[in-house]
Amino acid sequence: MAGSAHGHTPAAWTGVTISFIGFCVAGVFMVAANPLGFWAGIAVVLIGGVVGAAMKAAGLGQPKESREQHEARTAAGRAQAAS
């Protein structure tokens, strides 16, 4: 696990931050019994996901793992589980 970045990228941080703000907005308006504000907050949550995915596509996310890296990581995990 030490070799994994766990999503610490600008794309992940931005997407999660926007989604968190949307959840907060939706929560406030849900308690206030305002359906329009609630759905606006849910829309912000969805926008956060779209922004995060767009930033990842633009190269600001975690790079894809090559086939060789994936096979080596899988083999190491199996060897560790066997011992």
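The values are calculated or read from the model by the stated rules, or taken from the named source; none is laboratory data. Every value quoted in this text rests on a predicted model; they were computed, and no experiment measured them. A quick note on method: Cβ atoms are made from the backbone with ideal geometry, for glycine too, and the neighbour counts reach across all protein chains shown.
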Original post:
Is it fair to say Gly49 is touching a Leu at 6+ places or on another chain (Cβ under 8 Å) and not basic (Lys, Arg)?
Top reply: no
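Tell me the residue from Gly7, Gly27 that is at pLDDT below 80, touching a Phe, Trp or Tyr at 6+ places or on another chain (Cβ under 9 Å) and either surrounded by 10 or more Cβ atoms within 10 Å (Cβ to Cβ) or not β-branched (Val, Ile, Thr) (or both), please.
Gly7
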Original post:
Restricting to the range 35-81, what's the tally of residues that are more than 26 Å from Ala11 (Cβ to Cβ), surrounded by 13 or more Cβ atoms within 10 Å (Cβ to Cβ) and not hydrophobic (A, V, I, L, M, F, W, C)?
Top reply: 1
Original post:
For the chain, which helices (runs of 4 or more DSSP H) that fit wholly inside it have 1 or more residues that are free of Cβ contacts under 8 Å to residues at least 24 places away in the same chain and under 17 Å from the mean Cα position of the chain (by Cα)?
Top reply: 10-31, 35-55
**OP:** Just give me the residues in the range 43-83 being aliphatic (A, V, I, L, M) and farther than 23 Å from Cys24 by Cβ, in sequence order.
**Re:** Ala57, Ala58, Leu60, Ala72, Ala75, Ala76, Ala79, Ala81, Ala82
